[in-house]
Amino acid sequence: MAKPEMELSAIDRDALQRCYDTVRAQGPEEAAHLDHIESTSGWRMAAESASFGLQCKALKLKPWECPPSCTKDDEIDVTLWGHKPREIALRRRLLAANLSLFEGDPEAALAAKALGAVDTPAV
Amino acid sequence: MAGTGRKPYATVDITPFDLPVERLQPPAHLGPAATRVFRDLVARVPAGQFKPSDLSLVCRWAEWTAVADRAAAEMATNDLVTADGQPSPWISIAERASKQLIALSLRLRLAPQSRMSKAPKTEAPGQQSYYERMAAEADDGEAGDGVVGDRP
């Protein structure tokens, strides 16, 4: 379930907006899909859906692997989706780099941060 | 009448649910550069392409690739002719490494020739996820800046 709108930080909102814009730009079907989610559940759910899809694709995740946008806390539990050690490790890397968990391409964002880029790359 | 040449075959990558895919692991005696080449090669071909009995050939491929890379770097950064007017020894090293790699590429079915219609063909390899690459690089004991895929 999405957190209340007020809990979104500026970097989260920025990352979500970029994901939302990226998916909308992929084609009319994608835009219509986002419109449907937005009309029923709001902008944030649509943007999180966009982030989820982009992360799964960018990280080449298997169906049972969790993207960082769906990890809810730092607790490691190998029996729970979103709490596996490597999923939490990626979450911690993003947070340590002051990046949003909603970055569409977390690996590229981390690489850009490591190179000292001022802005995160466009997803 | 049936076509000539070897019968093509297709390999299908099936990833077991939440289980690691069994791929060849580099032996401990391989150097760091050869180990990276080994892992890269094994990750880029279908999981079933290499059997444990192929380990020796794959190791030779990794070692000669590392030699060829080193020779290429030396030739790129140094003069091709030595101070006494002789060709750089790295030229012959690169040449020998290339010959070995060409021979091995046919045996290991890595070259474009192996993907032609009359030759055995392979389907696209199953891609490793970010987390699977994290696991593979953790096995190497590599320490980077936190980004999977960072290489020297």
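Every number in this text was worked out from the coordinates using simple rules, so none of it is lab data. Note that the structure is predicted; figures quoted are calculated from it, not measured. In this analysis, Cβ positions are derived from the backbone assuming ideal geometry, glycine residues included, and neighbour counts consider all displayed protein chains.
With unit charges on the beta carbon (Lys/Arg positive, Asp/Glu negative), name the residue among A:His36, A:Tyr20, A:Ala96 whose Cα is farthest towards the positive pole of the charge dipole of segment A:5-99.
Farthest towards the positive pole: A:Ala96.
Quick one: 3J(HN,Hα) in Hz for segment B:27-42, Karplus 6.51/-1.76/1.60 with θ = phi - 60°, rounded, Gly and Pro as x.
Those phi angles translate into x, 5, 7, 5, x, x, 5, 5, 5, 5, 4, 4, 5, 4, 5, 5 Hz.
Have a look at segment A:28-123 and give its Rg and Dmax from the Cα atoms, expressed in angstrom.
14.2, 40
Using a 10 Å cut-off around each Cβ of peptide A:102-114, what is the average number of partner chain Cβ atoms that fall inside?
2
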